[in-house]
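To keep things clear, I will list the structure first and then write my remarks on it.
The values are calculated or read from the model by the stated rules, or taken from the named source; none is laboratory data. What you see is a predicted model, and the numbers here were worked out from it, not measured in a lab. Note that each Cβ is placed from the backbone with ideal geometry, even for glycine, and that neighbours are counted across all protein chains shown.
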Amino acid sequence: MHGKARIFSSDVFTMDTNGGRHGTQHVLVIPMIQQAHFVSAIRLAKKLSARVVQITIVTVNKHVQALNKIYGPKVLQNLGINIESVDDFHCIPSPMAQSKCMERVFEPLRQRLIATKKAGLLCPTCMVADR
């Protein structure tokens with residue numbers, strides 16, 4: 001797609017008790033673990049959060065540590081960006097083996113998302129992933 005795309009309207013949001021803003025849309029962003037993919041995911045997350053979209057970025061532990069060092073948890077919270085970490089992993093480079101490896105690594109996150117939905121909290125309404 002060429003040009004700019006309108007993703008979400010910025011006029012639908014709620015305020016939490018701490019004065020933070022949370023959109024009614026929640027995007028789960030899953031970038032590849034290479035640094036360039038992660039940096040692009042952060043840029044996308046910041047643009048979406050500016051439109052009052054709640055963002056959850058899923059990445060490996062080393063990127064979580066770097067992100068907290070650069071921005072700090074409070075800044076990310078104010079931007080509406082949550083970070084979920086998964087264990088660092090190394091998969092065999094065949095599609096089937098990689099699929100099984102990712103399934104194992106993402107299972108704890110899947111369980112947390114199910115619990116979030118059961119608790120009636122905002123769950124991802126969209127997932128963005130790159131290859």
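A quick yes/no check of all residues on (1) on the phi < 0 side of the Ramachandran plot; (2) at pLDDT below 85; (3) assigned to a helix (DSSP H, G or I); (4) touching a strand residue (DSSP E or B) at 6+ places or on another chain (Cβ under 9 Å):
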| site | (1), (2), (3), (4) |
| --- | --- |
| 42 | yes, no, yes, yes |
| 82 | yes, no, no, yes |
| 100 | yes, yes, yes, no |
| 113 | yes, no, yes, yes |
| 121 | yes, no, no, no |
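Any idea which residue in region 57-84 is nearest to residue 47 (Cα to Cα), counting only those that are free of Cβ contacts under 8 Å to residues at least 24 places away in the same chain and basic (Lys, Arg)?
Here is the first cut: in region 57-84, the ones free of Cβ contacts under 8 Å to residues at least 24 places away in the same chain are 64-66, 68-76.
If we keep only those that are basic (Lys, Arg) too, we end up with 69, 74.
Working: 69: 20, 74: 18 Å.
Going through the qualifying residues, I end up with 74.
Find the residue count for region 102-111, including only residues that are at pLDDT below 85 and either basic (Lys, Arg) or closer than 14 Å to residue 26 by Cβ (or both).
Residues meeting the conditions: 1.
Only residues in region 44-55 that are buried (at least 18 other Cβ atoms within 10 Å of the Cβ) count as the first member; pair them with residues that are in a helix (DSSP H, G or I), Cβ under 6 angstrom, at least 6 apart or cross-chain, and list the lot.
What qualifies is 49/79; 55/45; 55/48; 55/49.
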